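The values are calculated or read from the model by the stated rules, or taken from the named source; none is laboratory data. Quick caveat: nothing in here was measured; it's all calculated off a predicted structure. Here the Cβ positions follow ideal geometry from the backbone for every residue, glycine too, while neighbour counts run over all protein chains shown.
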Amino acid sequence: MTKNMFFKRNILDKIKKSLSNRKILILLGARQTGKTSILKLLLNELPSERSVFIDLDLLSNRSIFDNELELIYYLKNRGYKENDKEKFYLIVDEFQNVENSTIIFKSIYDNYNNIKIIASGSSSLRIKKRISETMAGRIIVFKVNPLTFDEFLRFKTREDLANALYHENISKRILIELKKYFNEFIVFGSYPEISLTEKREQKIEILNSIFEFYIEKDIRLFMNIRNIRNFKSLLEHLAVSTGNIIKYNNIANDLGINVQTVRDYISTIEDTFLIKLLPPYSLNRINSIKKSNKIYFIDTGLRNYLIKNFNENLRLRVDSGVLFESFVFSELYKRLKLNQELYFFRTRQGSEIDFIFKKENEILLLEVKKVAKRLPRIFNEFKNYKHYIISEEASSKKTSEKFLLIYNFYNRL
């Protein structure tokens, strides 16, 4: 049992609400984002006599999934009864490790009404293909990201600070404490294990372990990519380019890699949950840029690992603005609901709005500034939309209602 099992994740309640649903629950996300801990938290709350946990990262467990009959035989030996009116819960970790797992899930779903399947997977390329081919209409997918800032504070046992994020007015004392944790969060990142580690050297070692395991397990073995040197070079290039528009030809020329290979690699990196490509938003303006995406790392700690910069004094970092912007992106991305979308906007003349946050019946324009003194002129062109500046501190009292504090901006959106 890992330590972070005792800390509740925001997504847990959503998963629990779907336990009564017949459909298969699938948790997707990068490795070490806490999927196993979430599954075990669920397991602890389910009747022990009617639930089984199978870890398919273990070679010894994979024979259980040789075929449907083998799995049913295994479940019956652990209390499952076909004629039982009560649900039996089958919880499977890292199901992508068994080639025919989704076929077996489909068969179980179609033929055994009293078995509820909850499964996790770490690599989405093959999983998406398998799901679309075998389990369409039978699943509910949950995306498990690294920690949000409020989850991070709870992992630090600072429930008081986590709750303060949802208050419009925050005291000066609380702000000082929040800033300390905020700096740690955007420098070392949001993976659960790192949040539970205090020593700087150990945090870096964990990031190294996460990255090397990702390269070896997901990229070399699972994705069958052989030129690891080029792949790592591309990741380092993308880390430096965070927050910028992707220019595939330029990257290919810089690294000496075929442009199609660059496209394939970037697609792989996005599908394995390390980065997200943010699309442009079109307002039917002739001078808006189309089809060129911006890139963000979902976890700033991993990005900092790739550029080898763990300086926690943000005032001394030339990329502090990039880190602020990446933090806002990551917090928005992790909280996106099904009816919400996220974009950026930039004109050919270089005017830019960092984020276009599209809700059900509303569009918000968001600009991120480390220190904000005034509203950007481009906001004047979109007077019919709500617009905000997100910053660490704002000195303008006249337009203070247009400024959101970076620590708790999402409470106002």
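Residues that are within 26 Å of Glu270 (Cβ to Cβ), outside the structural domain of Tyr305 (by TED's automatic domain parsing), surrounded by fewer than 16 Cβ atoms within 10 Å (Cβ to Cβ) and out of contact with any Gly (no Cβ under 9 Å at 6 or more places or on another chain) are absent from region 112-124.
Among the numbered conditions (1) over 29 Å from Ser120 (Cβ atoms); (2) out of contact with any strand residue (DSSP E or B) (no Cβ under 9 Å at 6 or more places or on another chain), tell me where Phe155 comes up short. Condition not satisfied by Phe155: (1). All conditions but one from (1) more than 30 Å from the chain's Cα centre (by Cα); (2) crowded, with 18+ Cβ neighbours inside 10 Å apply to Asn77; the one that does not is (2). For the residues Ile225, Ile251, Ile245, the requirement of being without any contact (Cβ under 8 Å) to a residue 24 or more places away in the chain and of a type in the set (A, V, I, L, M, F, W, C) singles out Ile251.
Considering the conditions (1) within 30 Å of Asn163 (Cβ to Cβ); (2) in a helix (DSSP H, G or I); (3) in contact (Cβ under 8 Å) with a residue 24 or more places away in the chain, Thr102 is excluded by exactly one of them, (1). The condition of being small (Gly, Ala, Ser) and either within 21 Å of Ile307 (Cα to Cα) or not in a helix (DSSP H, G or I) (or both) does not hold for Ala162.
Surrounded by fewer than 21 Cβ atoms within 10 Å (Cβ to Cβ), at pLDDT below 95 and within 23 Å of the chain's Cα centre (by Cα): is that true of Arg138 in this structure?
Numbers: surrounded by fewer than 21 Cβ atoms within 10 Å (Cβ to Cβ): yes; at pLDDT below 95: yes; within 23 Å of the chain's Cα centre (by Cα): no.
Taking the combined requirement at face value, the residue does not satisfy it.
Checked against the criterion of being closer than 25 Å to Lys16 by Cα, assigned to a helix (DSSP H, G or I) and modelled with pLDDT of 95 or more, the candidates Ile117, Ile108 yield just one match: Ile108. Residues being at pLDDT below 95 and either closer than 19 Å to Leu178 by Cα or surrounded by 23 or more Cβ atoms within 10 Å (Cβ to Cβ) (or both): count how many of those fall in region 282-315. Of the residues in that region, 4 qualify. Can you find a residue that is under 26 Å from Thr272 (Cβ atoms), β-branched (Val, Ile, Thr) and in the same structural domain as Lys23 (by TED's automatic domain parsing) anywhere in region 66-89? No, because not a single residue in region 66-89 is under 26 Å from Thr272 (Cβ atoms), β-branched (Val, Ile, Thr) and in the same structural domain as Lys23 (by TED's automatic domain parsing). For region 157-173, the set of residues classified as β-branched (Val, Ile, Thr) and either modelled with pLDDT of 95 or more or under 23 Å from the mean Cα position of the chain (by Cα) (or both) consists of Thr157 only. When each of Arg346, Arg315 is tested for being closer than 28 Å to Val187 by Cα and free of Cβ contacts under 8 Å to residues at least 40 places away in the same chain, the lone residue that passes is Arg315.
Just so you know, in region 349-374 the residues that are of a type in the set (A, V, I, L, M, F, W, C) and without any contact (Cβ under 8 Å) to a residue 24 or more places away in the chain include one that is surrounded by the fewest Cβ atoms within 10 Å (Cβ to Cβ), and it is Ile363.
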